[in-house]
Amino acid sequence: MVVSGAKGDEVLERLPKIVLALLIQGMVLLVIALGVYLAPLLVSPPYPYWVLILIQGSLAALVSCKLGLPCWWRWIQFFIPVGLYAGMLINFDPIWALVIFVVVWLVFSNAFKERVPLYLTNDTTRQALSNLVKKKRRQRFLDLGCGLGGNVAYMSQQKPVAESHGVETAPIPYLISKLVTLLRGGQTFAMDMWKTELAYYDVVYAFLSPEPMPRLWEKVKEEMHPGSIFVSNSFPVPGVEPSEVWELSDSRKTILYIYRL
Ligand SMILES: C[S@@+](CC[C@H](N)C(=O)[O-])C[C@H]1O[C@@H](n2cnc3c(N)ncnc32)[C@H](O)[C@@H]1O
């Protein structure tokens with residue numbers, strides 16, 4: 001199948017990144033196979049494997065950004081063939097590759113399913129969240145996709161917060177969040193954020209990605225009660241004017257988009 005121009009770009013964009021990355025590796029492998037077939041016309045064989053591997057990694061890294069992968073994936077694209085070859089050289093037991101894959105999956109499964117990876121809210125942002133809840137009493141706080149549970153525990157220790165909850169579906173972060181909240185306060189649930197009842201909460205916090213924001217805003221509008229607050233760290237709701245925008249003074253210049261319902 002030949003896909004060209006804007007339509008081709010669209011098809012590539014819609015592919016999951018990992019599939020696109022593997023397609024690129026496959027394509028480069030074909031180019032190298034053709035190169036090896038034609039090379040005897042110029043240089044006589046044998047061709048050392050390590051040279052072919054370096055060409056494979058470098059070519060894949062070079063074209064990845066142009067073919068729609070985020071540019072930082074070029075490092076992954078380079079190290080996939082190099083890593084596999086190094087693994088073969090040291091007789092790396094494939095069972096360990098499987099173990100590593102399973103652990104990565106259990107931590108980052110939502111990066112594939114929801115396009116939301118795991119990264120954590122910092123102390124400055126938590127301080128800002130505590131300022132946000134200062135004015136009212138007996139508030140209920142929810143962290144959608146609570147990661148390791150740090151925010152939930154922190155907010156449970158703030159005086160105006162009566163209940164601090166979090167939901168998380170990635171297994172390892174959820175287990176850690178359970179432990180963290182057991183020791184430091186708050187409560188987390190192994191629950192999909194799309195199944196939560198936002199109406200119960202006065203302050204709902206999300207630190208996700210641009211991907212779920214339009215759908216999440218529909219849920220927020222439908223369920224959250226007047227006077228409650230939805231806060232999104234770093235990712236605004238497209239096309240909706242936030243009530244307030246807080247620019248924090250941390251090193252990553254965190255922006256909190258605050259929507260008062
Ligand atoms: C960027 S992390 C933020 C973690 C934490 N809220 C914090 O700010 O430190 C986003 C988290 O949302 C979780 N997540 C993504 N989609 C989810 C869903 N549908 N239901 C529950 N958790 C989800 C991910 O597994 C990840 O742990």
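Rule-based calculations on the coordinates, nothing more; no lab input. The structure presented is a predicted model; accordingly, all values stated were derived computationally and were not measured. So basically every Cβ, Gly included, is an ideal-geometry build from the backbone, and we count neighbours across all protein chains shown.
Of note:
- Nearest 10 degrees, 0 to 90: helix 5-14 Cα axis against the chain principal axis: 60 degrees
- Placing pseudo-labels 7 Å out from each Cα toward the beta carbon at Glu247 and Val82 gives an inter-label distance of 3.8 nm.
- You can think of it this way: the chain between Leu179 and Tyr200 has 5.2 nm of extra reach, that is 0.36 nm per residue less the Cα-Cα gap.
- Principal-axis tilt of helix 17-38 within the chain, Cα atoms, nearest 10 degrees: 10 degrees
- Angle between the chain longest axis and helix 94-113 axis [Cα atoms, degrees, rounded to 10]: 50 degrees
- Lysine pair count for the chain (Cα-Cα distance under 20 Å; residues 8 or more apart in sequence or on different chains): 12.
- Check: the range 108-261 dipole with +1 on Lys, Arg Cβ and -1 on Asp, Glu Cβ, in debye: 440 debye
- Antiparallel DSSP beta bridges within the range 123-260, as percent of all bridges there, nearest 5: 35 percent
- Selected from Val245, Phe189, Leu216, residue furthest toward positive end of dipole (the range 182-255; charges at beta carbon): Phe189
- DSSP-defined antiparallel bridges as percent of all bridges, the chain, nearest 5: 35 percent
- Note: relative contact order over the chain, using C-alpha pairs below 8 Å and six or more positions apart, is 12 percent.
- Building the convex hull from the alpha-carbon atoms of the chain and averaging its projection over directions returns 18.6 nm².
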